[in-house]
1. In peptide B:51-62, what is the residue-averaged number of other protein chain Cβ atoms found within 10 Å of each Cβ?
2. Give me a single rounded figure for B:247-259: the average over its residues of other chain Cβ atoms within 10 Å of their Cβ.
3. If each residue's Cβ is checked for other Cβ atoms within 10 Å, how do B:H99, B:H554 rank with the fewest at the top?
4. Fewest to most neighbouring Cβ within 10 Å: what's the order for B:Y551, B:Y158?
5. So what's the gap between the Cα centers of segment B:505-572 and segment B:333-407, to the nearest angstrom?
6. Just how many % of Cα pairs in segment A:301-369 lie over 13 Å apart, if you round to the nearest whole percent?
7. For chain A, find the longest principal axis of its Cα atoms and tell me its angle to the long axis of helix A:193-205, 0 to 90°, nearest 10.
8. I'd like the per residue volume of the convex hull spanned by the Cα atoms of segment B:107-181, given in cubic angstrom.
Amino acid sequence: MRPEVTFEASVRRVEGPLVFVARNADLGLNSMIEVVDREGRARVGRVAALDESTMVVEVLESTLGLGVRDTRIRVRNEPLLFGVGPGMLGRTFDSIGRPLDGGAPLPAVRRMRIDGLAINAARRALPRDFIETGVSSIDLMNSLVRGQKLPLFSGAGLPHDRLATQIALDARLRKGEDAGGFAIVFVGMGVSHDTAAAFRDAMASSAALEHTAMFLNLADEPATQRLLTPRYALTAAEYLAFVEGRHVLVILTDMTNYCEALREVSASHGELPSRKGYPGYMYSDLASLYERAGCIQGMPGTLTQVPILSMPGDDIGHPIADLTGYITEGQIVLDRELDRQGIYPPVRVLPSLSRLMNSGIGAGYTDADHPALANQLFACYARADHIRILASVMGEDSLPEVDRRFLAFGRDFERSFVNQQGRRTLEESMAIGWRLLRGLPAQELTRLNAQQLARYLEVSPHA
Amino acid sequence: MTEARIRWISGPVLRAVTADVFHAQEAVAVGAGALLGEIVQLAADEIVAQVYEDTTGLKPGDLVSGTGQPLSVRLGPALLGHIFDGLLRPLDTQGAFIHPGLGQPALQRFAFEPAVRVGDTLGRGQAIGTIGTPRPQQCLAPPGISGVVVTVAPAGSYREDEAICRIRRDDGATRDISFAHSWPVRQPRPLERRLPIGGPMITGQRVLDILFPVARGGRAAIPGGFGTGKTVLLEAIAKWCDADIIVYVGCGERGNEMAEVLDELPKLEDPRNGRPLMERTVIIANTSNMPVAAREASVYTAITVAEYFRDQGQHVALMADSTSRWAEALREVSGRLGELPGEAGYPAYLSSRIAEFYERAGRVSTLGGREGSVTIIGAISPPSGDFSEPVTMHTRRSVRTFWGLDRGRAQARFYPAIDPLQSYSRDAEALAQWWQIQGNPAWTAQRTAVLELLTEQAHLERMARIVGKDALPAPQQATLLCAELVSEAVLRQSSFSEVDRYCSPQRQTAMLSLVMRFVELARAAVQRGVDPERIAAMPMRALLQRIGEQYGEHRIADIGALWPQLESDFHALERAQPAAPPAAEAAHRAP
Ligand SMILES: Nc1ncnc2c1ncn2[C@@H]1O[C@H](COP(=O)(O)OP(=O)(O)O)[C@@H](O)[C@H]1O
Ligand SMILES: [Mg+2]
């Protein structure tokens, strides 16, 4: 590793988070830099562009108070690295990986690039281990598997934090859990003090805190830093997963704040905006975070992500939700209307999706009849939804008897399946599912085969 | 060798000063790691290049050296059955994480069987011999090379770059030929001439083959919002279509999807010859977390590989998931170059790039006089699923088959979620003859009937919303019932069902004919006063709704055997008809 060099730089201009510095050191693109002000306070930055005489440094903290003449630059000619090592669990870090809990500094055994390296697609192992979250609308309908990236698409004021916390605490494997091997990384981006505190309290009350590392970028911290927080946290998560061999669940909240920061920084670079002012590279930028989830052949640990985003205006077509949906392996959509009806968790099942479900459920993974049951419930609930629209003008009375039974099914599905208090095993969720189907005419249940009809719905094959 | 020194760098784009002569689109090696790049703009003493790898650490003063060649890839026998990055560098020999500066593939040995003798005249595009890979390949001279064979290696095992044949060209110059040769990706490989539409490329997916078929050498697009089924459909086609060679390019999409293809293909057998599907497949993976500029190159790499196999007389299918990411990469680089943005920030040349790409599809007579084809199927990821955005609109003008995916169907888990009212195939008419020869003379009539039924269904549902479903006259209720049956029984097909994921043309014909016969009989019965509810309750209807799952490829004959049952069920229905008001009167039942 090259030694640190400190030199006086002549800062030529400060513009938002960007500092234009005379180029009198031989630095490469993306090098890490510390900008030290008059009082000796260091701020982290990175080299964003270079020409022969100037380098553009993106300061990742506030540039407030930086002078043009009295600023020194301390450099390391290497990209941003994070010193990771044992003992990260149970600790709390700031936006850029510095201990925030007053505890001892971390004994770093490895310095890893915060941007990570792309996982070689040819070396990925397929995520296949079903995680039982205890939530029916997830476990039965949109199953989560280890190594998946499955976001919660939510809206302001909806109980996404509660659901995410519940998943973090309740999730377990159905096969005997390999004990001690799990870890939770909580990444708060632009979150309020109370969100962070609530999460910590929840973890503490169930003794999960010692398995948890928290990275906090609070709402009042600069936007540039917010772009780094998930990168530090994911670097820690990669270390925990692929070096220490743990099964790591990363909760990222709130991706919307992250994207706003991205937009802000992009604007300060004078870049041409794409949709709604967000930069054209937002897809690639988000992918550089989300694609860090996964399983790797020959490595024991896994990295699962549950990012949370609040959809501006509850609009699933908003660029933040849209681009996320194009990258992640599905989404769990929370719905204001269900929430208003007092249904918890207010999961809107139809637009929700788990793309990895098929590889983690069925015979040998969960239950041989799990896929068919999920399919049938989807088909029936979608039909109920469709009939609801048909009936919206003329009322239920204009409907044939069959359709009315579907409507009743739809209501029941929301009230007694989606809605739940406490944890349910997959078996319990499936039992409710079969019970609901019994209220429908058997000949409409085309996603089930004769054996399933006979076994669960007591329909004789020759009926 | 030409040299330049970096003057400015930001992200994947650099400017470098030079006194040497560089050429437009020349490939360059950048910095100490010799990162691969390509010149995108030239001025008197300055070049602008995009770099295909992570530029971290590069700085002004670093060396940029010219290669004298446009961006090229090495084509040869080592491609089939393997996975590569966007610049055709093998990934299956790399570690868990990709470091910048991937090397070129190690040279491999292959068995060779000559097909020419010394003194023979080797015409353009003619094969020199056969290369012994699991799926035998032809050894071709690079396009345009012809002459008299001076030496040719005897049968044996040779390394990819070893000369196995020497040719004296007309101008007297000699040229050594080996298994592999390199070809610039942005330059279409020459062909003798284009051929008109022949037969369809059978995808094995009923909704596509029956309603919106694509021709061999055709061009199809699959637009759809996230989660509507683009990737699963592309993968299904890659697995089950009747092409000889598959080139699958994952352009800016998920790593896990590539891993899944890699995991599955070796385990699956080609239904036509029992060989592992992986043997016929080349995978090019430039996932969303890999460098953006290489995303742009990857689709050209893929089409070049496809053309290479076409030139061996093969029918090739190229799947590109997703062309939108390619367009976005163009936009990003264009933005960094400071070009004037057009619609939605895309450069003005977006539409011509898309057109040029699809133009490389086609059924052709190769230089060697063989018939070969490249069929392109490109996924499009329109922002918020809105088809009026630039990439979808420009692509629409370039393709002949359009498979629009519908969010509502996908959310109801009705797959493939093809919207029959938005999709089309301009090749359907030309392909009718093929189906006739294959034993379904009624194909066109059935296809038209299905499309009409689905159009009517949409119309009736709008009406039912206003007047109430119960108020629809019996024949219209029957139409709704029939449309639902056709959707359930024929159009729906799960890619995850071992029985139904592939449907041969014979089984398609058997299923479609039977279901359309049901529709005919149902409508006739209702005309004669049978209550649609009684048709809905028929066990035969329930059976047909599960027919795809119950009657796999081995039970095609059993489908035919259901005909008498179908006819007699309807007879029984009408005979047992209670004294009910005829349909016409039922229509006037109160609300
Ligand atoms: N033909 C199909 N058969 C069965 N399931 C499908 C099919 N198409 C899509 N799906 C389901 O929909 C999910 C999303 O499909 P995918 O192709 O990944 O969407 P897209 O590429 O359009 O974002 C899949 O994970 C799968 O569960
Ligand atoms: Mg996809």
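1. On the way: counts 0, 0, 0, 7, 3, 11, 9, 4, 13, 11, 3, 3.
Mean partner shielding for this stretch: 5.
2. Working: counts 0, 0, 0, 1, 0, 5, 5, 13, 12, 17, 4, 4, 13.
Mean partner-chain Cβ count within 10 Å for B:247-259: 6.
3. Details: B:H99 13, B:H554 9.
Ascending number of Cβ neighbours within 10 Å: B:H554, B:H99.
4. Working: B:Y551 21, B:Y158 18.
Starting with the residue having the fewest Cβ neighbours, the order is B:Y158, B:Y551.
5. So the separation of the two Cα centres works out to 41 Å.
6. Working: 1698 of 2346 pairs.
The share of Cα pairs beyond 13 Å in segment A:301-369 comes to 72 percent.
7. The helix A:193-205 is inclined about 60 degrees to chain A.
8. Values: hull volume 5.6 nm³, N = 75.
With only Cα atoms used, segment B:107-181 gives 75 Å³ per residue.
Readers should treat all values here as calculations from the given coordinates under stated rules, not as data from a laboratory. Remember, it's a predicted structure, so these values are computed and weren't measured experimentally. Glycine also receives a Cβ, built like all others from the backbone with ideal geometry; neighbour counts cover every protein chain displayed.
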